[in-house]
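*Asks:* Got a structure for you, questions after.
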Amino acid sequence: MILDDLDARPGSATSLLRTVVGLYARDLGGWVAAGDLVALLGAAGVAPGAARSAVSRAKAKGLLDAVEAGGQAGYRLAPGAEEMLERGDRRIFGYRQQGEADPWCLVSFSIPEERRDARHQLRRHLAGLGCGTVATGLWISPGHLVDEVEGVLDGLGLRDAATVFVAGPPRVAGSLGDAVARWWDLDGLAARHRDFLAAHPDPGDGGSAPAPAEAFARWVRAVDDWRPLPYADPGLPTAVLPRDWPGTAGVARFAAVGAAYAGAAAAHVRAVVPTLGA
């Protein structure tokens, strides 16, 4: 089983809950009072009823467990959730772009029809890692994703049905850039980067620093919008991307937003949940 953190639409109550939990639950010792969690979501624009519904969905998905502490109702990270959040941190905050001389990862698999559900899950998870499709049973990604690819195979119990190759650049008819454009939806990825840039202006463009509650709202919504992008965009080499690729600006903008708002956002969390960092 693979605990999946990417099945909620950015901006939804469920997605914002997952973002708040991912950003702050571990600093809270893995447990947060129910009222405090609802208050934090309220600062991000989630109504109390929607927040409670989102918590119920997070419990059902294996992200949170209901646990009472000190006479207070609350929630802690479910088993396996911390590992998932750590994987997410590496993608979200450690975006990595493949160098020209770096290896590629290819995964070839053949899964019989009687295991078609497993085959569907494998394709879904490989797409969720940002792998491109060369052919029905042959997928490709930058080599730095090989451990994540093998983790998916192990998690789904399909290691015996696949072979993973770490190799040099594929030899294709025409240019590698043209082949990459067939294997990945580069237009769709570019549109998502442009949407992020439009939704989150450069904080250095002027204006006074926001109050901690507003900084929290801006940072949480920025992370929530950005969170799926480093999965969809695996960090392909610059040489195979279109000349006007907006992903570079997207990565820089996310870093700038974090530098501007993350510290004040954490101060807001400390005000709402005084045990933070205790």
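The values are calculated or read from the model by the stated rules, or taken from the named source; none is laboratory data. This one's a predicted model, so the numbers in the text were calculated from it and none came from an experiment. In this analysis, Cβ positions are derived from the backbone assuming ideal geometry, glycine residues included, and neighbour counts consider all displayed protein chains.
*Asks:* Identify the residue in region 149-181 that is over 12 Å from VAL107 (Cα atoms) and of a type in the set (Val, Ile, Thr) and, among all such residues, is nearest to the chain's Cα centre (by Cα).
*Replies:* VAL180
*Asks:* Ok, one more. How many residues are of a type in the set (Ser, Thr, Tyr) and farther than 26 Å from LEU138 by Cβ if we restrict to region 74-126?
*Replies:* So the count comes out to 1.
*Asks:* Scan region 83-101 residue by residue and report those that are buried (at least 16 other Cβ atoms within 10 Å of the Cβ) and not basic (Lys, Arg).
*Replies:* Within region 83-101, MET84, LEU85, GLY88, ILE92, TYR95, GLN97, GLN98 meet the criteria.
*Asks:* SER141: farther than 24 Å from GLY250 by Cβ and part of a strand (DSSP E or B), yes or no?
*Replies:* The answer is no for SER141.
*Asks:* Run down ALA211, ALA215, ALA222 and say which single residue is surrounded by fewer than 19 Cβ atoms within 10 Å (Cβ to Cβ) and among the aliphatic types (A, V, I, L, M).
*Replies:* Within the list ALA211, ALA215, ALA222, the selection yields ALA211.
*Asks:* Within region 36-58, restricting attention to residues that are of a type in the set (A, V, I, L, M) and touching a Gly at 6+ places or on another chain (Cβ under 9 Å), which residue is surrounded by the most Cβ atoms within 10 Å (Cβ to Cβ)?
*Replies:* That would be LEU37.
*Asks:* Give just the number: which of (1) over 30 Å from SER56 (Cα atoms); (2) surrounded by fewer than 13 Cβ atoms within 10 Å (Cβ to Cβ); (3) not basic (Lys, Arg) does ASP117 not satisfy?
*Replies:* (1)
*Asks:* Right, another one. Kindly provide the set of residues from region 133-143 that are within 10 Å of TRP104 (Cβ to Cβ) and not hydroxyl-bearing (Ser, Thr, Tyr), ordered by number.
*Replies:* ILE140, PRO142, GLY143
*Asks:* Considering ALA179, ALA191, ALA259, which residue is modelled with pLDDT of 95 or more and either farther than 28 Å from ARG9 by Cα or in contact with a strand residue (DSSP E or B) (Cβ under 6 Å, 6 or more places away or on another chain) (or both)?
*Replies:* Answer to the selection: ALA179.
*Asks:* So LEU3 ticks every box in (1) at pLDDT 90 or above; (2) more than 17 Å from ASP225 (Cα to Cα) but one. Which box is left unticked?
*Replies:* Here LEU3 meets the rest and fails (1).
*Asks:* Could you check region 101-121 and list, in sequence order, the residues that are touching a helix residue (DSSP H, G or I) at 6+ places or on another chain (Cβ under 8 Å), among the hydrophobic types (A, V, I, L, M, F, W, C) and at pLDDT 95 or above?
*Replies:* TRP104, CYS105, VAL107, PHE109
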